[in-house]
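Quick notes on the structure that follows.
Read-outs: derived from the displayed coordinates by stated rules, not from any lab. Note that the structure is a prediction, hence the values are computed from the model and not measured. Cβ: placed from backbone, ideal geometry, glycine included. Neighbour counts: every protein chain shown.
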Amino acid sequence: MAWARVIYSDVTAYDILRTRGVPLGKRDYEGQLRTRPVKA
């Protein structure tokens, strides 16, 4: 349940910044794409 609150807060902050005209894109929200598998 805690992750739901974190995700909700992130999405809400992203939406507020976008409505204020801050130039955010999809990568700013989702983070960097991993192209190689993570080593254990």
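Between residue 3 and residue 22, the simple label model (points 7 Å from Cα in the Cβ direction) yields a spacing of 2.5 nm. Applying the Karplus relation 6.51 cos²θ - 1.76 cosθ + 1.60 with θ = phi - 60° to the stretch 7-14 yields 3J(HN,Hα) values of 5, 4, 5, 4, 5, 5, 4, 4 Hz, where x marks Gly and Pro.
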